[in-house]
1. Can we say Gly77 is closer than 23 Å to Ser38 by Cα, of a type in the set (Gly, Ala, Ser) and modelled with pLDDT of 95 or more?
2. Got at least one residue in segment 19-27 being under 24 Å from Gly128 (Cβ atoms), of a type in the set (A, V, I, L, M) and either in contact with a Gly (Cβ under 8 Å, 6 or more places away or on another chain) or modelled with pLDDT of 95 or more (or both)?
3. Look through segment 47-90, keep the residues that are touching a Leu at 6+ places or on another chain (Cβ under 7 Å) and in a loop (DSSP other than H, G, I, E, B), and return whichever of them is surrounded by the fewest Cβ atoms within 10 Å (Cβ to Cβ).
4. Given the structure, is Thr129 in contact (Cβ under 8 Å) with a residue 40 or more places away in the chain, hydroxyl-bearing (Ser, Thr, Tyr), part of a loop (DSSP other than H, G, I, E, B) and on the phi < 0 side of the Ramachandran plot?
5. Have a look at Lys122, Lys174 and point out the one that is farther than 27 Å from Glu63 by Cβ and of a type in the set (D, E, K, R).
6. If Val108 meets every condition in (1) modelled with pLDDT of 95 or more; (2) buried (at least 21 other Cβ atoms within 10 Å of the Cβ) apart from one, which number is that one?
Amino acid sequence: MLIKLSLGSLFLAGGMILASGSAGQIASAAEPFMLTSSGFKDGTPLQKKNSNNTPGNANCVGENVSPPLAWSNPPAGTKSFALTMVDPEARGGTGVIHWVAYGIPASVTGFAEGEVSKASDKYVGGKGTAGASTYIGPCTPPGAPHHYTFILIATDLEPGDLPPGLTRDELYAKLTGHTKGATGLVGLFGSP
């Protein structure tokens with residue numbers, strides 16, 4: 001069924017709203033590529049358990065449990081994903097890279113809570129600032145919360161195309177010309 005609405009440029013066809021372009025073309029609105037978490041909303045605090053638990057560091061107040069992450073609507077042609085977690089405010093603004101992962105198959109649509117706090121066959125571990133190949137949670141010093149930025153990149157590379165142990169900068173260099181799109185999510189964390 002096709003119903004013309006009063007706006008003149010919107011049509012209802014089979015339950016979907018379609019918009020006509022200036023040349024009379026019909027296009028549907030695509031859902032955006034999104035990264036989400038059921039553990040926190042974009043721009044809100046991470047949970048205490050997501051903080052690191054390094055012995056002897058009073059700023060590491062948690063359990064180093066990675067938050068759950070999920071993504072949807074990857075760009076056409078995506079063969080794998082890369083995912084990083086960065087604290088841009090750490091070390092006086094020079095930043096700390098908490099996690100680098102890539103070679104995530106296009107069939108994977110997320111990670112369960114705690115899943116990336118250890119090695120997994122769902123991703124290839126890179127090398128964060130501390131040299132770890134798995135998730136390392138926040139150890140924020142007292143003061144204003146830091147912005148822990150998760151960046152998910154869709155690529156046209158096959159999951160096994162890149163070797164393990166790449167730093168974020170090495171990964172980004174190898175992704176040049178192979179990205180299909182990216183999305184991000186920010187979690188805040190501050191020590192008590």
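The values are calculated or read from the model by the stated rules, or taken from the named source; none is laboratory data. Note that the structure is a prediction, hence the values are computed from the model and not measured. Here the Cβ positions follow ideal geometry from the backbone for every residue, glycine too, while neighbour counts run over all protein chains shown.
1. no
2. Looking through segment 19-27, none of the residues is under 24 Å from Gly128 (Cβ atoms), of a type in the set (A, V, I, L, M) and either in contact with a Gly (Cβ under 8 Å, 6 or more places away or on another chain) or modelled with pLDDT of 95 or more (or both).
3. Residue satisfying both the conditions and the ranking: Lys79.
4. Numbers: in contact (Cβ under 8 Å) with a residue 40 or more places away in the chain: no; hydroxyl-bearing (Ser, Thr, Tyr): yes; part of a loop (DSSP other than H, G, I, E, B): yes; on the phi < 0 side of the Ramachandran plot: yes.
The answer is no for Thr129.
5. Details: Lys122 fails: farther than 27 Å from Glu63 by Cβ.
Only one candidate passes the filter, namely Lys174.
6. All conditions are met except number (2).
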